[in-house]
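A short write-up of the structure that comes next.
Here, each number is a calculation from the coordinates, and none is a lab measurement. Note that the structure is predicted; figures quoted are calculated from it, not measured. Note: ideal-geometry Cβ built from the backbone for every residue, glycine included; neighbour counts use all protein chains shown.
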Amino acid sequence: MSDTAKLQVPGKDVEYPILSGSVGPDVIDIRKLYGQTGKFTYDPGFTSTASCESGLTYIDGDEGILLHRGYPIGQLAEHSSFMEVSYLLLNGELPNQDELTAFENTITRHTMLHEQLATFYRGFRRDAHPMAVMCGVAGALSAFYHDSTDITDPKQRMIASHRLIAKMPTIAAMAYKYSVGQPFLYPDNKLSYTGNFLRMTFGVPAEEYVVNPVIEKAMDRIFILHADHEQNASTSTVRLAGSSGANPFACIAAGIACLWGPAHGGANEAALNMLREIGRPERIPEYIARAKDKNDPFRLMGFGHRVYKNYDPRATVMQKTVREVFDALKVNDPVFEVALQLEEMALNDPYFIEKKLFPNVDFYSGVILSAIGFPTTMFTALFALARTVGWVAQWNEMISDPEQKIGRPRQLYTGPVQRDYVPVEKR
Ligand code: CMC
């Protein structure tokens, strides 16, 4: 087997090492390419570019496999908890009972927000999208927690990471409360991470809130399914922002902004809106036809993925969770039937088969979140809440990487060549 790749450029033959990871495709190390040939590679959308080395998450898109630190997502979703998966992502190994208890206590101790942040919310319009609020408040944390912004200090980095994981549910719940005009609820640290979030979101000070264990479990599982996903757009954004030495709160705000887009985290909101718009199984063929029409910008939201060319393993767990939540809440939203039939029809359609388009994590998540009582605008905020642990784990990994450099892609310039300025009266 060759361990170098040979490249012929006019007037020169060059060789580059081929590096192997523990699993997955090898990579050609082209770091010296520009120095040796004066040429860049061209890869819009980074479809063939590994931007970093990472030991956190592995995806085999052809087989539909997702591993966190080696553990399959299906096993984690079935047997683990979001706190345990968070510990795993941050520290590399599953915790023993003492380590888990200590970690949960640490996160619990950081759930409150600086009191002045409540005033900060009042600057937003009532109808602000929760992602606008999340983005603003996460960025604003850097103005409140100066004692954890020195990124050269591993201890401060860990405190900032714990703060972000702990405070994100409080921030998201407050964004929701603000939008519906209800009072903010302080965290109740007797509850689990997820139970606490449900109470801060759906509870009111006037009444005791009793956490439904089935919903708590389902929500916790949804958080696990969203915890990390390799070098996706928002994670790459966090890494790129962090590569300049920016503080972690600012980097996570950048990640939230990127996640908001409908091609990424915003797809869960768009998917449910689409299913509701379809409304009845009879209308599915019309929407499938639109998705296939090159002249129509419409796409089946919650379908397709840059990496998965097989069933997204997170979608499998999501589909199962819909049934559990519906049974627990004794609801039966017709939108689930539309989703099931749409999936079946698409999976048997040559267009989707040929392009290897399968349901992704967002296809069913909206159906569950809506049944639990979240408005669609909160869906992406919940994704951001859960993905925060992935972002901070990836950010920590990057900062501790001795090879880390500021991210600075180059370009293929196609604009005008140099020309002289012409005064306005002569143009
Ligand atoms: N419906 C109809 N056609 C599609 C879809 C879809 N959902 N997704 C991809 N295609 C077609 C696309 O038109 C293209 O066709 P052609 O080769 O004829 O031009 C082909 O499949 C390849 O698509 P692409 O846009 O080149 O692929 P990509 O890797 O750049 O995009 C994607 C991946 C997820 C942005 C895209 O599949 C999409 O827009 N899906 C809908 C949005 C969505 O569900 N996003 C959530 C992704 S998972 C959660 C997350 O990561 O945030």
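For a quick check: sort CYS258, CYS135, CYS251 by the number of other beta carbons within 10 angstrom, fewest at the front.
Working: CYS258 19, CYS135 22, CYS251 31.
Ordered by Cβ neighbours within 10 Å, fewest first: CYS258, CYS135, CYS251.
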- With r defined as the distance between the Cβ atoms of SER244 and ASP43 and R0 fixed at 25 Å, what FRET efficiency is calculated, to the nearest 0.05? 0.70
- Task: Calculate one ³J(HN,Hα) per residue across the stretch 154-168 by plugging θ = phi - 60° into the Karplus curve 6.51 cos²θ - 1.76 cosθ + 1.60, and present them in order as whole Hz with x for glycine and proline.
- Result: x, 5, 5, 4, 5, 4, 4, 5, 4, 4, 4, 4, 6, 8, 4
- Note on the structure: Of VAL23, VAL325, VAL392, the most mobile residue in a GNM of the chain (C-alpha springs, cutoff 10 Å) is VAL23
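Once R0 is set to 25 Å, what does the formula 1/(1 + (r/R0)^6) return for the Cβ-Cβ distance between GLN116 and VAL180, expressed as a FRET efficiency to the nearest 0.05?
FRET efficiency, GLN116 to VAL180: 0.65.
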- Task: Excluding residues fewer than 8 places away in the same chain, name every one of the lysines whose C-alpha is closer than 19 Å to that of LYS6.
- Result: LYS32, LYS39
- Note on the structure: Highest GNM mean-square fluctuation among GLY24, GLY203, GLY279, for the chain with Cα springs under 10 Å, belongs to GLY24
- Hey, how many Å between the Cα centroid of the stretch 79-93 and the Cα centroid of the stretch 24-50? 33 Å
- Query: If the chain between LEU340 and VAL210 were fully stretched, how many nm would it gain, using 0.36 nm times the residue separation less the Cα-Cα distance?
  - Reply: 43.6 nm
- Item | Least to most buried among ASP362, ASP420, ASP60, ASP29 (fewest other Cβ within 10 Å first) | ASP420, ASP29, ASP60, ASP362
- Query: Quick one: putting +1 on the C-beta of Lys and Arg, -1 on the C-beta of Asp and Glu, what dipole do you get for the chain around its Cα centre, in Debye to the nearest 20?
  - Reply: 1380 debye
- Using just the alpha carbons, could you tell me how many Å³ per residue the convex hull of the chain encloses? 211 Å³
- Multiply the residue gap between LYS32 and LEU100 by 0.36 nm, knock off their C-alpha separation, and tell me the result in nm, one decimal place. 20.1 nm
- Under 19 Å from the ASN348 label point (7 Å along Cα→beta-carbon), backbone N, the stretch 304-334: 311
- Dividing the helical contributions, -39500 (n - 2.57) per DSSP H run of n ≥ 4, by the residues of the chain yields a 222 nm value, nearest 500 deg cm²/dmol, of -16000 deg cm²/dmol
- In whole angstrom, note down how far apart the Cα centers of the stretch 310-346 and the stretch 257-305 are. 16 Å
- Item | Selection of GluC sites (Glu not before Pro), the stretch 205-268, meeting DSSP coil and at most 11 other Cβ within 10 Å | GLU207, GLU208
- Task: Using DSSP to define loop residues, name the trypsin sites (Lys or Arg not before Pro) in the stretch 87-181 whose beta-carbon has at most 11 other beta-carbon atoms within 10 Å.
- Result: ARG122, ARG125, ARG126
- Message: Under the rule that an exposed site lies in a DSSP loop and has at most 13 other Cβ atoms within 10 Å, name the longest stretch of the chain with no chymotrypsin sites (Phe, Trp or Tyr not before Pro) of that kind, not counting the sites themselves.
- Response: 43-297
- Message: Distance between the C-alpha centers of the stretch 364-427 and the stretch 152-206? Whole Å please.
- Response: 24 Å
- Would you mind calculating the gained length between GLN75 and ARG109 on full extension (0.36 nm times residue separation, minus the Cα-Cα distance), in nm to one decimal? 9.4 nm
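Mind giving me the FRET efficiency for ALA128 and ASP62? R0 is 51 Å, r the Cβ-Cβ distance, nearest 0.05 is fine.
On the way: r = 41 Å, r/R0 = 0.80.
Here the calculated transfer efficiency is 0.80.
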- Projecting the Cα atoms of MET174, ALA233, ASN268 onto the charge dipole of the stretch 150-300, where Lys and Arg contribute +1 and Asp and Glu -1 at Cβ, the residue farthest towards the positive end is ALA233
